[in-house]
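Trainee: Just dropping this structure here.
The values are calculated or read from the model by the stated rules, or taken from the named source; none is laboratory data. All values derive from a computational prediction rather than experimental measurement. We place every Cβ from the backbone using ideal geometry, glycine too, and count neighbours over all the protein chains shown.
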Amino acid sequence: MRFKKDILMIDFETTDGRPSLAMPIQLAAVLLDKETLKEKKHFSSYIHQDLKDANPRSSKVHGITQEMLEGAPTQDEVMQKFLDEFGTDLFISCWTTLLDARMLENMMSSIGHDLMEYDYHILDLWPIIYIHFVRQNKGEIYRSEETFREFGLPSRGSHDALEDCRHSAEVLRKIVFEK
């Protein structure tokens, strides 16, 4: 199988799971080759934010503390470095576009860029994975930890955006290249 462009798997850790309230605190990405889906390069950075209003549920999921964000670059600095590293001639992919695409769009906008600089087709993994499970009569599986376990990937403790990108990429590879 050959995709038209390389795929950039992205993931954010945020202060809240609700996109309208969330602030990005970690951005990671893994660039996948359009033919093999093998990792070509990766990116990960914490983003300086104040966690005083962070949703405790989100904080429990990712385990990122204020101390971990001290000295981290601003979201504008992270976004510029991210664009410098990867450019925009690729497909964006993520676990679910609801949060990740919105965070990417907000960060791009804050430095005068537009999400539409990427191909407007975003490869949202969750529906692909869910259809895969429904075809196997496993439609009750829909959360990331259950999914990763089902695909034989090691359990995660706290969510780390780079680890999540790599797990998501492995699931995509397994679905795309399954016999």
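Trainee: Restricting to the stretch 136-162, and then to whatever is acidic (Asp, Glu) and without any contact (Cβ under 8 Å) to a residue 40 or more places away in the chain, can you tell me which residue is farthest from PHE12 (Cα to Cα)?
Mentor: The selected residue is GLU140.
Trainee: Identify, by number, the condition in (1) hydrophobic (A, V, I, L, M, F, W, C); (2) without any contact (Cβ under 8 Å) to a residue 60 or more places away in the chain; (3) surrounded by 18 or more Cβ atoms within 10 Å (Cβ to Cβ); (4) touching a Ser or Thr at 6+ places or on another chain (Cβ under 9 Å) that ALA101 doesn't meet.
Mentor: Here ALA101 meets the rest and fails (4).
Trainee: Quick check on the stretch 142-158: of everything there that is assigned to a loop (DSSP other than H, G, I, E, B) and of a type in the set (D, E, K, R), which residue is surrounded by the most Cβ atoms within 10 Å (Cβ to Cβ)?
Mentor: Of everything passing the filter in the stretch 142-158, ARG156 is surrounded by the most Cβ atoms within 10 Å (Cβ to Cβ).
Trainee: If I ask for residues that are surrounded by 14 or more Cβ atoms within 10 Å (Cβ to Cβ), out of contact with any helix residue (DSSP H, G or I) (no Cβ under 6 Å at 6 or more places or on another chain) and farther than 15 Å from ASP89 by Cβ, which ones from the stretch 105-122 would you list?
Mentor: Within the stretch 105-122, just ASN106 meets the criteria.
Trainee: So which residues in the stretch 79-98 are over 16 Å from LEU162 (Cα atoms), under 16 Å from the mean Cα position of the chain (by Cα) and in a helix (DSSP H, G or I), if there are any at all?
Mentor: Across the stretch 79-98, the qualifying residues are LEU83, THR97, LEU98.
Trainee: Please give the number of the condition TRP95 fails out of (1) within 26 Å of ARG2 (Cα to Cα); (2) out of contact with any strand residue (DSSP E or B) (no Cβ under 6 Å at 6 or more places or on another chain); (3) at pLDDT 95 or above; (4) of a type outside the set (D, E, K, R).
Mentor: Checking TRP95 against (1) within 26 Å of ARG2 (Cα to Cα); (2) out of contact with any strand residue (DSSP E or B) (no Cβ under 6 Å at 6 or more places or on another chain); (3) at pLDDT 95 or above; (4) of a type outside the set (D, E, K, R), the one that fails is (3).
Trainee: Would you say GLY139 is touching a Phe, Trp or Tyr at 6+ places or on another chain (Cβ under 7 Å), surrounded by fewer than 18 Cβ atoms within 10 Å (Cβ to Cβ), part of a loop (DSSP other than H, G, I, E, B) and not charged (D, E, K, R)?
Mentor: yes
Trainee: Follow-up. Every residue in the stretch 159-179 that is in contact with a strand residue (DSSP E or B) (Cβ under 9 Å, 6 or more places away or on another chain) and outside any helix (DSSP H, G or I), please.
Mentor: Scanning the stretch 159-179 gives HIS159, ASP160.
Trainee: ILE47 versus (1) within 16 Å of ASP11 (Cα to Cα); (2) loosely packed, with under 15 Cβ neighbours inside 10 Å: which is the lone unmet condition?
Mentor: All conditions are met except number (2).
Trainee: Could you list, in sequence order, all residues of the stretch 63-78 that are part of a helix (DSSP H, G or I) and either in contact (Cβ under 8 Å) with a residue 40 or more places away in the chain or touching a His at 6+ places or on another chain (Cβ under 8 Å) (or both)?
Mentor: LEU69, GLN75, VAL78
Trainee: Give, as residue ranges, the strands (runs of 3 or more DSSP E) completely inside the stretch 5-62 that count at least 2 residues that are at pLDDT 95 or above and over 20 Å from TRP126 (Cα atoms).
Mentor: Counting at least 2 such residues, we get 24-32, 39-46.
Trainee: Let me ask something additional. For the stretch 104-149, what are the residues that are more than 19 Å from the chain's Cα centre (by Cα), farther than 16 Å from LYS81 by Cα and not basic (Lys, Arg)?
Mentor: ILE131, HIS132, PHE133, VAL134, GLN136, ASN137, GLY139, GLU140, ILE141 - these are the residues of the stretch 104-149 that are more than 19 Å from the chain's Cα centre (by Cα), farther than 16 Å from LYS81 by Cα and not basic (Lys, Arg).
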